[in-house]
Amino acid sequence: MTPLLPVDQGTEASSALVFESEPLTEAVEILGFPEFEVTLASDKPVAILSATLSLVLEDSAAADVSYGILNLSHRYDDLDISPMVPGKPETARLKLRSCGQRPSKAARGSHGKGQAAA
């Protein structure tokens, strides 16, 4: 399989929360470092958050645009280790990897597909 072609993300998405937009009404440009912000609570002091920004194509296949992974113990700063307080909701911001795409108007955005694991 050619790595440049979209790969269906259905298997990965089955164990993750998925936030999907309506089909785009016009082409948009995605350029730079997308960010995913979420308020969450963990049942453990150390947890990992991952998020993927994908495009859902007209045939329903999903193509990854960008992704990011955050050790929630580093949610404030890379050098400041601060374990989560189990059960306490906190807002975390995850900067995704740099990307550049111009999806067509028929595509849908899968914003913030993510999962947390301890």
Matching entry among P103, P45, P6, P89 (being modelled with pLDDT of 95 or more, of a type outside the set (D, E, K, R) and surrounded by 13 or more Cβ atoms within 10 Å (Cβ to Cβ)): P45
If you go through the stretch 35-45 one residue at a time, do you hit one that is closer than 13 Å to P103 by Cβ and either of a type in the set (D, E, K, R) or in a helix (DSSP H, G or I) (or both)? no
Quick check, is S73 polar (S, T, N, Q) and in contact with a Pro (Cβ under 6 Å, 6 or more places away or on another chain)? yes
Picked from the stretch 90-102 (must be aliphatic (A, V, I, L, M) and part of a strand (DSSP E or B)), the residue farthest from F33 (Cα to Cα) is A92
Consider G87 carefully, then state whether it is among the small types (G, A, S) and either outside any loop (DSSP other than H, G, I, E, B) or in contact with a helix residue (DSSP H, G or I) (Cβ under 8 Å, 6 or more places away or on another chain) (or both). no
Residue that is modelled with the lowest pLDDT, among those in the stretch 20-34 that are open to solvent by 90 Å² or more (accessible area, probe 1.4 Å), in contact with a strand residue (DSSP E or B) (Cβ under 9 Å, 6 or more places away or on another chain) and closer than 13 Å to P103 by Cα: E29
Pairs returned, first residue in the stretch 46-61 that is within 12 Å of F36 (Cα to Cα), second residue that is open to solvent by 10 Å² or more (accessible area, probe 1.4 Å) and polar (S, T, N, Q), beta-carbon separation under 8 angstrom, 6 or more apart or interchain, are L49/Q115; S50/Q115; T52/Q9
Against the definition (open to solvent by less than 90 Å² (accessible area, probe 1.4 Å) and farther than 24 Å from S104 by Cα), how does L72 come out, yes or no? yes
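The values are calculated or read from the model by the stated rules, or taken from the named source; none is laboratory data. Since the structure is predicted, the reported quantities are computational estimates derived from the model, not experimental observations. A quick note on method: Cβ atoms are made from the backbone with ideal geometry, for glycine too, and the neighbour counts reach across all protein chains shown. For accessibility, only protein heavy atoms count, side chains too; no ligands or nucleic acids. Shrake-Rupley method; radii C 1.70, N 1.55, O 1.52, S 1.80 Å.
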